[in-house]
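Enquirer: Input: one structure, supplied below.
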Amino acid sequence: MLSAYLDEKGELVLGEKEIPEVKSDDILIKVIACGICGTDVHVFKGINRGKPNVIRGHEFVGEIVEVGSGVKDLRTKDIVVVDPNIPCMNCFQCRNGRVHLCKNLTAIGVDLDGGFAEYCVLPSKQAYKLPSNIEPIVGALAEPLACALHGIDRVDLKEGEDVLIIGGGALGLILTQLVVNGGAGRVFVSEPYKEKRDLAFGFGATRVIDPINEDLLDIIKKETNGRGVDVVIEAVGSDKTILQAIKAVSDGGRVLFFGVAPEDVKIEISPFEVYRRELTLLGSFVNPFTMERAVSLISGRRVNLYPLISDIIPLHDIKKGVDIASTGRSIRVLVKP
Ligand SMILES: [Zn+2]
Ligand SMILES: [Zn+2]
């Protein structure tokens, strides 16, 4: 089968691999679509290291073509989305319910062969069935949606709270829909690209802000009588926008570090300010126990994921897909084997 992985030098290559054997608890799926995540772009562009010879791609949906002898709840022709993260269930964090912080965490598409291939074999417990009335391709956004849900859980949003989302990429636009659905008061979205701002507005944002030509902090202060918003979700991962987030939040507010910053980025924070303004700074990592809710939201058509698919690229053109995904214009680039 055709598949995309890194060679020993860290270069993205397309090559033929054998379809692995299906063990008793496994399923074999034919990949329908797999999203190119920012983390994949970082690895394919050499910014972060990835494991050689592992097929990448962790945001995918497929159709089951074979089930292992021990698999009970799934059958061939089922459309499934994949939770890529596999905790050990044995370490201190797993035993305390924080499976995403597992010390032995492995991930499909990172440590184990993933979705940038024609087929993928995975443990059946990592698969979640999509109902048949849902366009399968949106399933490629189920995992990002599950990550966004964990972020919302972390900020513990209350109805009527004002929220600023910095960054209108796929995740920022999913988060916009979740906070609107969740009853936020005013929802502000800051995003340089007009097409994405328009989508955010369509999803119910109260006010969209162009951070290049408008003064974000000025607008937030004006709109909130100088107080700032209750919650800021930073969905970019740059030092500049994280510092903006801390300035835009009200005293007593919460800032969620949702965007993935490069590992070596540092910011300067005043501990006195965190103390005196009683700020809560929160992190959010992947998708613990949120995949079922993601599938429910998709099944109930409570989120609109289709407009977030900006490009669909055949697997043999994945390098072009990575180039498109690394521009700010694209939202989610899907690879179709
Ligand atoms: Zn991802
Ligand atoms: Zn563990």
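Enquirer: Any idea how many residues of the stretch 58-86 are among the charged types (D, E, K, R) and either touching a His at 6+ places or on another chain (Cβ under 6 Å) or without any contact (Cβ under 8 Å) to a residue 12 or more places away in the chain (or both)?
Expert: 2
Enquirer: Which residue, of Gly160, Gly204, Gly167, Gly182, is at pLDDT 95 or above, under 18 Å from the mean Cα position of the chain (by Cα) and more than 16 Å from ligand 2 (Cβ to nearest atom)?
Expert: So the residue among Gly160, Gly204, Gly167, Gly182 that is at pLDDT 95 or above, under 18 Å from the mean Cα position of the chain (by Cα) and more than 16 Å from ligand 2 (Cβ to nearest atom) is Gly167.
Enquirer: So which strands (runs of 3 or more DSSP E) are wholly in the stretch 1-113 and hold at least 2 residues that are under 24 Å from Cys147 (Cα atoms) and not small (Gly, Ala, Ser)?
Expert: Passing ranges, in order: 26-35, 59-67, 79-82.
Enquirer: Right, next: For the stretch 175-188, give me the residue count where each residue is surrounded by fewer than 18 Cβ atoms within 10 Å (Cβ to Cβ) and closer than 12 Å to Asp162 by Cβ.
Expert: 3
Enquirer: Scan the stretch 81-96 residue by residue and report those that are within 16 Å of ligand 1 (Cβ to nearest atom) and not acidic (Asp, Glu).
Expert: If the condition is that a residue be within 16 Å of ligand 1 (Cβ to nearest atom) and not acidic (Asp, Glu), then Val81, Val82, Pro84, Asn85, Ile86 are the ones that fit.
Enquirer: Which condition number does Tyr128 fail, the rest of (1) in contact with a helix residue (DSSP H, G or I) (Cβ under 7 Å, 6 or more places away or on another chain); (2) hydroxyl-bearing (Ser, Thr, Tyr); (3) part of a loop (DSSP other than H, G, I, E, B) being met?
Expert: (3)
Enquirer: Something else now. From Asp7, Asp73, Asp78, Asp26, which residue is more than 16 Å from ligand 1 (Cβ to nearest atom), open to solvent by 30 Å² or more (accessible area, probe 1.4 Å) and under 26 Å from the mean Cα position of the chain (by Cα)?
Expert: Asp7
Enquirer: If I ask for residues that are surrounded by 15 or more Cβ atoms within 10 Å (Cβ to Cβ) and in contact with a Phe, Trp or Tyr (Cβ under 9 Å, 6 or more places away or on another chain), which ones from the stretch 51-64 would you list?
Expert: The answer is Val54, Ile55, Arg56, Gly57, Phe60, Gly62.
Enquirer: Regarding Glu191, is this residue of a type outside the set (Phe, Trp, Tyr), touching a Gly at 6+ places or on another chain (Cβ under 6 Å) and surrounded by 24 or more Cβ atoms within 10 Å (Cβ to Cβ)?
Expert: yes
Enquirer: Still on this model: Quick check: is even one residue across the stretch 262-277 in contact (Cβ under 8 Å) with a residue 24 or more places away in the chain and under 24 Å from Ile331 (Cβ atoms)?
Expert: Yes, because at least one residue in the stretch 262-277 is in contact (Cβ under 8 Å) with a residue 24 or more places away in the chain and under 24 Å from Ile331 (Cβ atoms).
Enquirer: So Val163 fits all but one of (1) out of contact with any Phe, Trp or Tyr (no Cβ under 8 Å at 6 or more places or on another chain); (2) surrounded by 17 or more Cβ atoms within 10 Å (Cβ to Cβ); what number is the exception?
Expert: (1)
Enquirer: Further, regarding this structure: Tell me which residues, restricted to the stretch 202-217, are surrounded by 15 or more Cβ atoms within 10 Å (Cβ to Cβ), of a type outside the set (A, V, I, L, M) and not in a loop (DSSP other than H, G, I, E, B).
Expert: Across the stretch 202-217, the qualifying residue is only Arg207.
Enquirer: Are there any pairs with C-beta distances below 6 angstrom linking a residue in the stretch 96-110 that is under 18 Å from Asp40 (Cβ atoms) and open to solvent by 20 Å² or more (accessible area, probe 1.4 Å) to a residue that is within 7 Å of ligand 2 (Cβ to nearest atom) and not hydrophobic (A, V, I, L, M, F, W, C), with the two at least 6 apart or on different chains, and if so which?
Expert: Leu105/Pro87
Enquirer: Can you name every residue in the stretch 327-336 that is open to solvent by 60 Å² or more (accessible area, probe 1.4 Å) and either part of a loop (DSSP other than H, G, I, E, B) or among the aromatic types (Phe, Trp, Tyr) (or both)?
Expert: Thr327, Arg329
Enquirer: Can you report the number of residues in the stretch 287-325 which are open to solvent by 30 Å² or more (accessible area, probe 1.4 Å) and over 16 Å from Lys196 (Cβ atoms)?
Expert: 16
The values are calculated or read from the model by the stated rules, or taken from the named source; none is laboratory data. Treat the numbers as computed from the prediction; the structure is a model and nothing was measured. Every residue, glycine as well, gets a Cβ built from its backbone with ideal geometry; the counts of neighbours run over all protein chains shown. Note: areas computed on protein heavy atoms with side chains; ligands, DNA, RNA excluded. Shrake-Rupley method; radii C 1.70, N 1.55, O 1.52, S 1.80 Å.
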